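Please read the structure below before turning to the comments.
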Amino acid sequence: MKELRFRIILILLAIGISLYLLYPTYQAYQFQKNIDRTVANRIEQIKKEDPQITKLQIDNKTRAIEDSIKSSDPSIGQAFQKRIKLGLDLQGGMRVVLEVNTGKLLEKIAKSPDDNFKQVMAQAEKEASLSDESVVDIMARIMKSKGIRLSRYFGNIREDDAQIISDLKKDADDAVTRAIEIIRNRVDQYGVSEPSIQRQGTRRIIVELPGVAREEEAKQLLQGTALLEFSLVKDPEFTISVMKKIDDVLAGNDSTSSDTTTAGKAETKVAKNETKKDTANQKMTAEEFAKKHPFFSVAILNQKSGTADAYVKADDRDKIKAWLDRPDVQKIIPDNCQFVFSAKPFGYQNGQAFYTMYCVDKNPQLTGGVITNATATISPESSSPVVNMEMNSDGAAEWARITGANIDKRIAIILDGVVYSAPVVRTKITGGRSEISGMSDLKEAQLLAIVLKAGALPAPVDIIEERTVGPSLGQDSITDGFRSTIIGFVVISFFMIFYYHRAGSIAAASLVFTILFIFGALAGFGATLTLPGIAGIILTIGMAVDANVLIYERIREELATGKTIKSSIDNGFSKANSAIVDSNITTIITGVILYQFGTGPIQGFALTLIIGIIASMFSALVIARVIFEYMVAKGIKITLG
Amino acid sequence: MQIFHNLNIDWLGKRKIFYVVSISLFLIGLISVIVRGFHYGIDFKGGTEIVMQFQKPVNISQVRKYVENIGLGTVELKTFGSETGVLLRTELQNIPRNIFPKILTNMDQVIQTVAPGVPYKITDSTASSVTYSFANPDTANEMVEKLSEAGYQTGKVSEEPSNTQVVVNVSIAEWIKDNLRQKMPDNSFKILKEDHVGPKVGNELKTQALLAVFISLLGILIYLAFRFKFIFSAGAVLALFHDTLITLGLYAALYGVIPGLNLEIDLTVVGAFLTLIGYSVNDTVIVFDRIRENMKIHKNMPLKEEINMSINRTMSRTILTAGTVLLAVFVLLIFGGEVLRAFSFTLFFGTIIGTYSSIFVASALVYEYAERTKKKIEF
């Protein structure tokens, strides 16, 4: 018995870890059921109140309510983050591959493009559509063959072709980074849950938007044009007085708790029900404060900073947005100002990201079309990162006026509605060249430079591949997949028990563990379950018992030579080892290659296959063996059919 | 119960029969590939594919008649799943020039319905989009919303506040959907799936797929050469070629023959082929493993007897292991739904052929080599 102890502990550990990793998936499933019910009730109610409501509005409301419930309780968010995610082919959604149109970009950068240039570009784009070569290289080659120097259209006259080519390539590369930043920014604001935005190769971007119901709307998010604005940040006194008014309105409404028509109210109620246990332990004072000053309890002011920038938890942003949209709050906010959030969190506390909320002028002083260039460097004087921004002559004149009138005030740089930086104006800037400092590192400076260029140089992107799976097909696939898994399991188990009797039922039992390990590992790796992934699991069920078959056949052979059951089992396991390992490794080799080669769904298949093979080897060589040895030690009769 | 108990057959003596069987299977496959060719799915061919689910059962030939004369040339049509599902596909990337005027008139009507009397002009049109210019920025913003609401992919040309231009994308998918909505007003549909793949992507994928298959074979060749002898590894990989090529031949031969089975080569099918390569070598390894073991025990037994004995002794487990996988794949073939059908089919027939070649081809090749070169193989 003793020699089994270590292995039994190992097995229990593997089972325990799998169950632990799978718990969030179960939790998320329960949460989702509750959320769906709440949302359905709310929508039902909204429909009753407003029968004229359009489908688009309902979609938006559904999304808003769902998001705010999810963000109201951190444990929901955590469960969703750690659960096994479903691929786009199962939950429905959109996968888009974008390619930055370098040709169009070059046309925009070129100085005085004439017909000759357009001809060259047309030819270059034609060639580029058929090969992988960079458009810049193709264009340079055509120019060379026609005897045109690149400096005629790009850079300045003193630069040679090689220098210009490398500059243009950098511009093309920047455009991809810019497009990614713009898209990420928009997708975040749009509220798509768990979007994935990845760069592929030199100029492609893969965007995956799960569960997007409205394709047209989603595709708009993916365009490369963006709005860059420079807006004055309001004075702290002004901002605080507006915030106080909002706070009063919210606190006043809170006491008349019969009011359930506003969305924000109903959501906090739901949130309260679900977080009751957590909040009950907190001090009463915090709760009292939240009741008296609902706005200031989530938008936290720092008295010492001398600004009215409020710090808001990532999860509270939706709550604040809902409050600000309420008609009674709208009434008291002055017409000339608006609240905007920072694009990136400025810091973290207790695992929660904090964002800055600014109050800015509603009408921008200037929009980004005037910016001609922006670069991030380390300033030689202060040796800290800075961004150098250049404007065209129209912009420079305006900028001199704006900066001159607002010395020591702050100007927020806003892209598509979120603030990337809010530097203080130190002096009047003439000539259009400005230096922005105050970034914590060069990376942040580079991001700001990218953003500044977004207004002037949109990154033109083409959709080169687009796949949409409707939610109903996804649902059908889930049903088909899980039904097949269960049928596959039952059929194989039945066959094993029929053919190998008691030993067969051990194989069937270890199959249960194999499946448990596969799902546990999927959750642990944060992998995505796709339809081919489910197929991989079913296939693994068929392959997993191969190891059992090899071992049992071997044991039978050993028994036939007249050995005892104990030594037959020992020999069976050890002699079948090499065949099992060798044959499984070949499958793993192709699995790894498949993972490298495939995209999305196919990768899911490759992953489940690899995990499945490893799990099945563990089940057959360790779990089944322990059960066998235990039965032998206890004198339980083992039948092999 | 025990199958193939105490089998004692001289398989290698009959190897000529298996050569004939394999070569004829291979030739049949090759001929069908040459005559009938492969049918690639949208992943490789590029183009547009729409799967729609109608409310009521539809008559495919009726739908075909509707889409035949909308100017897209031949549009492929198939049933998808049940009789309410329809798959439409065209290889065209963009709307042909000659039907562009029709689309513009159609758009005119749409703009008139969503915003009667609004003045506008067309400033630009490309193969996939039309740019409209409106009187002022407010109207432009309103039009973006209205046209989006009406189901058109619409966007502003620039986000600057002074922007008055609006781009409407006109894709093939939109054009087909528009036409079907008009021609079948009493049978509405929803979109189950919509794919659009550019031509470059398809070509890249083809190269990658071939490369993946090649690297897999190479990986197996190297691993087995390292674990056994090179000649064994070469035999196994030749058997794999045999399995892959015959299954591919079957693809060409059976395309469009069995109703409800859509044998197109797409990414999932390539995945199935790679899995097949990885799995079908398993049975070969089982036989080789036994040969290796026997050679160590009976050093002086003739190779022929050695191999025959190994095949006979492992026959039951080879059949059983393949059998359990076939059971699982069969379940997938029947219950796995439309999307996985070709995938399951590949694995089902591939496994059968793979098992056959493991038993009768791979070891025979090793024996053939040893006989002809008169070399002694030892472990």
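None of the figures in this text is laboratory data; all of them are computed from the coordinates on show. Values in this document were obtained by computation on a predicted structure and should not be read as measured data. Don't worry about glycine lacking a Cβ; one is built from the backbone with ideal geometry, like all the others, and counts go over all protein chains shown.
Dipole magnitude of segment A:470-634 about its Cα centre, charges +1 at Lys/Arg Cβ and -1 at Asp/Glu Cβ only, in debye to the nearest 20?
Working: 9 positive and 9 negative charges, 87 e Å.
The calculation lands at about 420 debye.
³J(HN,Hα) across segment B:306-314 via Karplus (A = 6.51, B = -1.76, C = 1.60, θ = phi - 60°), whole Hz, x for Gly/Pro?
Per-residue couplings from phi come out as 4, 5, 4, 5, 4, 4, 4, 5, 9 Hz.
Of B:LYS14/B:LYS375; A:LYS563/B:LYS229; A:LYS47/A:LYS321; A:LYS362/A:LYS443; A:LYS313/A:LYS453; A:LYS304/A:LYS409, which ones are farther than 24 Å apart at the Cα? Numbers along the way, then the final one.
Values: B:LYS14/B:LYS375 22 Å; A:LYS563/B:LYS229 32 Å; A:LYS47/A:LYS321 22 Å; A:LYS362/A:LYS443 29 Å; A:LYS313/A:LYS453 29 Å; A:LYS304/A:LYS409 18 Å.
Where the Cα-Cα span goes over 24 Å, the pairs concerned are A:LYS563/B:LYS229; A:LYS362/A:LYS443; A:LYS313/A:LYS453.
Using the Karplus curve 6.51 cos²θ - 1.76 cosθ + 1.60 with θ = phi - 60°, what ³J(HN,Hα) values do you get for each residue of segment A:99-110, in whole Hz, with x for Gly and Pro?
Those phi angles translate into 10, 5, 7, 4, x, 4, 4, 4, 4, 6, 6, 4 Hz.
Show the residues, 5+ positions off or on another chain, whose built amide H is closer than 5 Å to the amide H of A:MET439.
Long-range HN contacts for A:MET439: none found.
Once amide H atoms are placed 1.01 Å from N in the peptide plane, what residues at a sequence separation of 5 or more from B:VAL170, or on another chain, have their amide H within under 5 Å of its amide H?
B:SER129, B:VAL130
Would you please give the residues with an amide H less than 5 Å from that of A:LEU366, counting only those at least 5 places away or on a separate chain, with H modeled from the backbone geometry?
A:PHE230
Put +1 on the Cβ of every Lys and Arg and -1 on every Asp and Glu Cβ in the protein assembly as shown; which of A:GLY526, A:ILE541, B:THR314 then has its Cα farthest towards the positive end of the dipole?
Working it through, the farthest residue towards the positive pole turns out to be B:THR314.
Each residue of segment A:413-429 in order: what ³J(HN,Hα) in whole Hz does its phi give by Karplus 6.51 cos²θ - 1.76 cosθ + 1.60, θ = phi - 60°, with x for Gly and Pro?
3J(HN,Hα) across segment A:413-429, in whole Hz: 9, 10, 10, 6, x, 10, 8, 9, 6, 9, x, 8, 7, 8, 9, 6, 9.
Which net charge results for the neighbourhood of A:LYS453, defined as the other residues with beta-carbon distances under 11 angstrom from its beta-carbon, given Lys and Arg at +1 and Asp and Glu at -1? Present the calculation step by step, with values, prior to reporting the outcome.
On the way: positive: A:ARG178; negative: A:ASP171, A:ASP174, A:GLU181, A:GLU390.
It works out to a net charge of -3.
Applying a 10 Å radius around every beta-carbon, put B:88-99, B:14-25 in order of their mean neighbour count, most first. Intermediate results must be reported in sequence, preceding the final value.
Working: B:88-99: 15.9, B:14-25: 13.8.
Per-residue mean Cβ counts within 10 Å order the peptides as B:88-99, B:14-25.
What is the magnitude of the charge dipole of chain A about its Cα centre, with +1 placed on the Cβ of each Lys and Arg, -1 on the Cβ of each Asp and Glu, and no other charges, expressed in debye to the nearest 20?
Details: 76 positive and 74 negative charges, 332 e Å.
Dipole size: approximately 1600 debye.
Between B:PRO57, B:THR284, B:VAL366, whose Cα lies farthest towards the positive end of the dipole of chain B when Lys and Arg beta carbons carry +1 and Asp and Glu beta carbons carry -1, centred on the Cα centre?
With unit charges placed on the Cβ atoms, the residue in question is B:VAL366.
May I ask which residue of A:LEU228, A:ILE569, A:ILE492 lies farthest towards the positive end of the charge dipole of chain A, with charges of +1 (Lys, Arg) and -1 (Asp, Glu) on Cβ and the Cα centre as origin?
Farthest along the dipole direction, towards plus: A:ILE569.
With respect to the cross-link table entries A:LYS61/A:LYS245; A:LYS566/B:LYS299; A:LYS219/B:LYS45, which display a Cα-Cα separation exceeding 25 Å? The partial results should precede the final answer.
On the way: A:LYS61/A:LYS245 27 Å; A:LYS566/B:LYS299 29 Å; A:LYS219/B:LYS45 23 Å.
The answer is A:LYS61/A:LYS245; A:LYS566/B:LYS299.
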